[in-house]
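One structure is given here, and the rest of the page talks about it.
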């Protein structure tokens with residue numbers, strides 16, 4: 001979906017159309033959830049601090065996010081997908097992989113399926129979507145960003161080499177700042193450069209990810225579209241209005257633990273590991289985790305574990321923090337858990 005949250009706001013409020021819309025709470029520590037293309041022209045991007053967005057785009061219209069509404073629209077988009085295939089792997093509210101090798105509407109090509117879906121979204125939801133069509137998930141993801149907004153780009157099998165070779169290696173999934181710098185030191189700037197490096201050399205330098213780099217450079221991605229992927233982890237976090245000491249985080253941790261516990265009850269599985277996340281005033285991220293013998297069986301237990309994890313943060317007492325988060329991970333099916341009765345009714 002194109003600038004999804006901002007586009008929904010512009011669709012539902014005609015006064016916002018054509019204006020630089022920034023979906024964010026207009027507060028000192030808020031971050032941008034989404035920006036319309038009019039706002040992006042000023043350099044505003046998702047995850048940017050709201051104060052920076054305000055500096056870049058003084059005339060920007062700040063709109064607080066309404067995630068309930070966005071989820072409802074996302075569900076409508078998913079219903080359109082389901083007319084064409086059941087093999088849908090959502091990545092977020094605004095993005096998904098679809099395997100249309102066998103599609104329900106008997107359309108002869110994946111390109112025609114993509115074109116039909118985009119037109120249905122436009123007509124029924126008054127929103128635009130961009131699509132990428134290719135032989136695997138990696139290439140389709142690259143293609144989906146190629147002609148945004150409101151675009152369709154197809155990479156035919158015989159075009160893969162010509163498409164990939166000139167790309168900067170930073171376009172490959174998993175190549176962030178650190179990996180990009182390591183590749184640059186090896187003289188690798190483009191996918192074409194990467195193809196010239198032996199697999200053994202890549203594995204020596206990057207371990208198991210070396211094989212992944214070797215395959216991506218050749219357009220190889222054998223991962224399947226997996227519908228209804230089980231939850232791996234859930235978390236909630238919040239940023240303080242002002243940086244606080246570790247001892248002053250208790251109230252926020254209790255509030256987040258309560259919110260997380262409520263969210264976890266909607267899962268049909270049990271989480272065994274509790275995670276505490278902290279971000280220092282210097283933006284350094286710390287995580288501490290604990291897997292108790294038995295999974296937390298109440299909000300009080302979850303909160304107690306999260307608070308005790310603070311004791312494992314061994315920084316100077318005067319260290320201040322800007323953000324705290326609480327998470328659950330290591331999900332298991334109820335029958336795999338030592339506490340199956342958590343999901344059983346009692347007479």
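P(r) of the stretch 68-155 in 10 Å steps, Cα pairs, percent per bin?
Values per bin, smallest distances first: 18, 56, 26, 1.
Compute a Gaussian network model of the chain, connecting alpha carbons closer than 10 Å, and tell me which residue from 186, 125, 107 fluctuates the most.
186
How big is D, in µm² s⁻¹, for the stretch 175-313 by Stokes-Einstein at 25 °C and 0.890 mPa s if Rh is the Kirkwood radius over C-alpha pairs?
131 µm²/s
Please sort 73-80, 268-275, 161-168, 287-294 by packing, taking for each peptide the average over its residues of neighbouring beta carbons within 10 angstrom, highest first.
268-275, 73-80, 161-168, 287-294
Equivalent-ellipsoid semi-axes (√(5λ), Cα gyration tensor) for the stretch 233-343, whole Å, largest first?
Semi-axis lengths for the stretch 233-343 are 27, 13, 11 Å.
Using a basic spin-label model with each label point 7 Å from the Cα along Cα→Cβ, how many nm lie between residue 185 and residue 51?
3.4 nm
Where is the GNM fluctuation largest for the chain (alpha-carbon springs, 10 angstrom cutoff): 35, 143, 201?
With Cα springs under 10 Å in the chain, the top fluctuation among 35, 143, 201 is at 201.
With a/c under 1.5 counting as rounded, go ahead and sort the chain into rounded, prolate or oblate using the C-alpha gyration tensor (a ≥ b ≥ c being the square roots of the eigenvalues; past the cut-off, prolate if a/b is larger than b/c, else oblate).
Because its axes are fairly even, with a/c under 1.5, the chain counts as rounded.
Tell me the mean residue ellipticity at 222 nm calculated for the chain from its helices only (DSSP H runs of n ≥ 4, each -39500 (n - 2.57), averaged over every residue, nearest 500). Before the final figure, lay out each step's value.
Values: 13 runs with 122 residues, N = 347.
Helix-only estimate at 222 nm: -10000 deg cm²/dmol.
Would you please report the Å³ per residue occupied by the convex hull of the alpha carbon atoms in the stretch 7-91?
For the stretch 7-91, the hull spanned by Cα atoms encloses 109 Å³ per residue.
Of the residues 176, 219, 43, which exhibits the maximal mean-square fluctuation in a Gaussian network model of the chain defined by a 10 Å Cα contact cut-off?
So, out of 176, 219, 43, the one fluctuating most is 176.
Since every read-out is calculated from the coordinates, none of them should be taken as a lab result. What you see is a predicted model, and the numbers here were worked out from it, not measured in a lab. We place every Cβ from the backbone using ideal geometry, glycine too, and count neighbours over all the protein chains shown.
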